[in-house]
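Participant: Starting off with a structure, shown below.
The values are calculated or read from the model by the stated rules, or taken from the named source; none is laboratory data. Note that the structure is predicted; figures quoted are calculated from it, not measured. Counting neighbours? That spans all protein chains shown, and the Cβs are built from the backbone with ideal geometry, glycine included.
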Amino acid sequence: MSILHFLDFLGVAVFAISGALVASRKEMDLIGFTLMASLTGIGGGTVRDLLLGQDVFWIKTPYYLGVCLLMAFIVFFTAHIIRRRFVVVLWADALGIAAYSVLGAEVALLAGANELVAIVMGVMTATFGGLVRDVICLETPLILRKEVYATGAMVGASVYVGLGFMGISDTWAALSGFSAGFVIRSGGIALGWTLPTYKPHPGRNYD
Amino acid sequence: MSILHFLDFLGVAVFAISGALVASRKEMDLIGFTLMASLTGIGGGTVRDLLLGQDVFWIKTPYYLGVCLLMAFIVFFTAHIIRRRFVVVLWADALGIAAYSVLGAEVALLAGANELVAIVMGVMTATFGGLVRDVICLETPLILRKEVYATGAMVGASVYVGLGFMGISDTWAALSGFSAGFVIRSGGIALGWTLPTYKPHPGRNYD
Amino acid sequence: MSILHFLDFLGVAVFAISGALVASRKEMDLIGFTLMASLTGIGGGTVRDLLLGQDVFWIKTPYYLGVCLLMAFIVFFTAHIIRRRFVVVLWADALGIAAYSVLGAEVALLAGANELVAIVMGVMTATFGGLVRDVICLETPLILRKEVYATGAMVGASVYVGLGFMGISDTWAALSGFSAGFVIRSGGIALGWTLPTYKPHPGRNYD
């Protein structure tokens, strides 16, 4: 199994876990867990495939759905063990963002897109699953929080695309992109890393 | 007209009614009614067709749009007669879920997907129109309520796929799946049926 | 450059500006600005291309993405100059709606859709980018406000389709549709134009 296949399964699994955990915060039943785990787990990759005009990956390869359903079952019966579920949501989401930023960029490059498009595709597919999860469950989308979030996806995709452009092998480029994206987002979660945010001019902006 | 064509028109019509009724709860104008009726009525089928790489059904067959517009007009001028509009939203939505759980599964099978994929497709297309309706109109998505909801869609799709697998004719499988899905969801609406939901361990989970 | 190409760039640019301004209202960082500008700027056109089974425009032509990123940068460093940012969001959104109502209808006609489908496609693609922007950022979707909104898109698309049907040249039909849509929505913003909205019967409707 190549590194990219591994990242693909990892991304689906951790996003599915994050979706199931949010379902647990909303005290859904088991079927609600499986729906939220599936929508979150396969959401980003589905958008990626639709935009690139490719067959949707989980229709061709139903194992991915099996992973989502399995995660939903495991979380349903074990989430009460976790002391702080929202923290686990954040970390699972961080792994997913790092994985999908690389995968989204890679599939775009394979489909013949240029480097800029590949990076944007990485960011969009990395953030989409979590957005769907949070919008459906009426949680504040993580992108609205102050810590670096989309930045992790952008760094991950950029490192992957940049190293590939420089001729580094796909495996090392993917590992580096994944690691870079995860480190950045980890800094946001654990250390509160932020970028300068827009600040309204005091006394000027009314809305 | 086959049973599946009938379910298709029924699903579009009842989801359109539910979208128009939510538009009435938000006191929109007639054009807002037509937009909400259309988005809700054709939303689930559109996602189904996009995921399966097929021509989008309402572009090929504009009659479906005509149904949505007609329902928007009718609801705009008659909704004030209804004593409790939200109850009608729930029942229209229940008919739509039952219809689309069968249709989503059927189209997936026709496109060559396996049984698991077909059931998931049934659940997703059945719940998508209502999710869009509720998210746009800032209503609490029905999936967040305690009664069985996604479960109705899952039962409907599973019965249809299971009976077809056992060699039952398409007409009977579709009727049985539709009825089973509707009965389950009806129990949720009328009798408050629930499945066991996730309960946090008291004193352990902080979020 | 034809009028339709001009409208295409205009629509992307003004929706990107509106997305970046909403990012400023949420005090995001620069990467958040680029994501919101991109999602809002290319959202409507992306849905249009997916529904019609066409290559997604910004993957073929990355200049559009460049426009979104440029607008995100400009807004990030200049939004504090604007006295009332929400008013600029409304006007940028109005230009975008007028442009995309024509473009959505035009692409649908080119793809062989009939007139009704073309008008609905115009309304949907015109309103989609703004819906995504508002849903992600937890703003009240503009369609829920009382002034004419979807109506502007419907008028723009209808004028364009109607004039084309009567044999008017594409350039004049597009200019007329764009102007009509913008005038209607402007009346909503500046003069508070409304259509009669649904009113519940007093003392009858409980929800």
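Participant: Out of (1) part of a helix (DSSP H, G or I); (2) within 30 Å of C:GLN54 (Cβ to Cβ); (3) not hydrophobic (A, V, I, L, M, F, W, C), the odd one out for A:GLY32 is which?
Facilitator: Failed condition: (2).
Participant: Could you list, in sequence order, all residues of the range A:59-81 that are touching a residue at least 24 places away in the same chain (Cβ under 8 Å) and in contact with a helix residue (DSSP H, G or I) (Cβ under 7 Å, 6 or more places away or on another chain)?
Facilitator: Within the range A:59-81, A:TYR64, A:LEU65, A:VAL67, A:CYS68, A:LEU69, A:MET71, A:ALA72, A:VAL75, A:PHE76, A:ALA79 meet the criteria.
Participant: Is one or more of the residues making up the range A:19-27 over 16 Å from A:GLU139 (Cα atoms) and either among the β-branched types (Val, Ile, Thr) or outside any helix (DSSP H, G or I) (or both)?
Facilitator: There is no residue in the range A:19-27 that is over 16 Å from A:GLU139 (Cα atoms) and either among the β-branched types (Val, Ile, Thr) or outside any helix (DSSP H, G or I) (or both).
Participant: Related question: Does A:GLY152 fit the bill of being within 14 Å of chain C (Cβ to nearest Cβ), under 26 Å from C:GLY41 (Cβ atoms) and over 14 Å from the mean Cα position of the chain (by Cα)?
Facilitator: no
Participant: Listed residues B:LEU95, B:LEU90; which is aliphatic (A, V, I, L, M), in contact (Cβ under 8 Å) with a residue 60 or more places away in the chain, more than 22 Å from C:LEU195 (Cβ to Cβ) and in contact with a Phe, Trp or Tyr (Cβ under 7 Å, 6 or more places away or on another chain)?
Facilitator: Exactly one residue qualifies, and that residue is B:LEU95.
Participant: Still on this model: Which residues, taken from the range B:23-42, are at positive phi and touching a residue at least 60 places away in the same chain (Cβ under 8 Å)?
Facilitator: Narrowing the range B:23-42 to residues at positive phi: B:27.
Scanning the range B:23-42 gives no hits.
Participant: If I go through the range C:116-149 residue by residue, how many of them are more than 7 Å from chain B (Cβ to nearest Cβ), out of contact with any Leu (no Cβ under 8 Å at 6 or more places or on another chain) and over 18 Å from C:ILE3 (Cβ atoms)?
Facilitator: So the count comes out to 6.
Participant: Within the set of pairs 6+ apart or on separate chains, which have a first residue in the range A:125-149 that is closer than 17 Å to A:ASP49 by Cβ, a second that is among the polar types (S, T, N, Q) and surrounded by 23 or more Cβ atoms within 10 Å (Cβ to Cβ), and C-beta atoms under 6 Å apart?
Facilitator: Final answer for the pair search is A:ALA126/A:SER101; A:GLY129/A:THR40.
Participant: Out of B:ALA180, B:ALA157, B:ALA190, B:ALA153, I need the residue that is more than 30 Å from B:ASP29 (Cα to Cα), modelled with pLDDT under 95 and of a type outside the set (Asp, Glu). Which one? Don't jump to the end; show me each part of the working.
Facilitator: Values: B:ALA180 fails: modelled with pLDDT under 95; B:ALA157 fails: modelled with pLDDT under 95; B:ALA153 fails: modelled with pLDDT under 95.
Testing whether each residue is more than 30 Å from B:ASP29 (Cα to Cα), modelled with pLDDT under 95 and of a type outside the set (Asp, Glu) leaves just B:ALA190.
Participant: Looking at B:SER18, B:SER38, B:SER24, which is the one that is facing chain C (nearest Cβ under 7 Å), modelled with pLDDT of 95 or more and touching a helix residue (DSSP H, G or I) at 6+ places or on another chain (Cβ under 6 Å)?
Facilitator: Only one candidate passes the filter, namely B:SER38.
Participant: Quick check, is A:ALA113 buried (at least 21 other Cβ atoms within 10 Å of the Cβ) and modelled with pLDDT under 95?
Facilitator: Yes, satisfied.
Participant: Same structure, new question: State all residues of the range B:39-66 that are touching a Gly at 6+ places or on another chain (Cβ under 8 Å) and surrounded by 15 or more Cβ atoms within 10 Å (Cβ to Cβ); if no residue qualifies, say none. First the steps, then the outcome.
Facilitator: Our first condition is that a residue be touching a Gly at 6+ places or on another chain (Cβ under 8 Å); within the range B:39-66, this holds for B:39-45, B:48, B:55-58, B:64.
Of everything in the range B:39-66, those that are touching a Gly at 6+ places or on another chain (Cβ under 8 Å) and surrounded by 15 or more Cβ atoms within 10 Å (Cβ to Cβ) turn out to be B:LEU39, B:THR40, B:GLY41, B:ILE42, B:GLY43, B:GLY44, B:GLY45, B:ARG48, B:VAL56, B:PHE57, B:TRP58, B:TYR64.
Participant: Something else: Filter the range A:103-115 for residues that are among the aliphatic types (A, V, I, L, M) and either assigned to a helix (DSSP H, G or I) or within 14 Å of chain B (Cβ to nearest Cβ) (or both) and give the result.
Facilitator: Those that are among the aliphatic types (A, V, I, L, M) and either assigned to a helix (DSSP H, G or I) or within 14 Å of chain B (Cβ to nearest Cβ) (or both): A:LEU103, A:ALA105, A:VAL107, A:ALA108, A:LEU109, A:LEU110.
Participant: Given the residues B:TYR64, B:TYR100, which is the only one that is closer than 30 Å to C:LEU52 by Cβ, aromatic (Phe, Trp, Tyr) and more than 14 Å from chain C (Cβ to nearest Cβ)?
Facilitator: Criteria check complete, one pass: B:TYR100.
Participant: Also, I was wondering about something else. Could you check the range A:41-61 and list, in sequence order, the residues that are in a helix (DSSP H, G or I), within 19 Å of C:THR61 (Cα to Cα) and more than 7 Å from chain B (Cβ to nearest Cβ)? Steps first, answer last, please.
Facilitator: We begin by selecting, within the range A:41-61, every residue in a helix (DSSP H, G or I); these are A:41-51, A:57-60.
Next cut, within 19 Å of C:THR61 (Cα to Cα) only: A:47-51.
Residues satisfying the conditions are A:VAL47, A:ARG48, A:ASP49, A:LEU51.
Participant: Can you tell me which residue is surrounded by the fewest Cβ atoms within 10 Å (Cβ to Cβ) among those in the range A:67-97 that are more than 12 Å from chain B (Cβ to nearest Cβ) and of a type in the set (Gly, Ala, Ser)?
Facilitator: Here the answer is A:ALA92.
Participant: Working carefully through the options A:SER186, A:SER176, A:SER158, find the one that is assigned to a helix (DSSP H, G or I), under 19 Å from A:VAL87 (Cα atoms) and among the polar types (S, T, N, Q).
Facilitator: Just a single option satisfies the conditions, and that option is A:SER186.
Participant: Which pairs turn up if I take residues in the range A:155-182 that are surrounded by fewer than 19 Cβ atoms within 10 Å (Cβ to Cβ) and look for partners that are of a type in the set (D, E, K, R) with beta carbon separation below 9 Å, at least 6 apart in sequence or on another chain?
Facilitator: A:GLY162/A:GLU115; A:PHE165/A:GLU115; A:ASP170/A:GLU106
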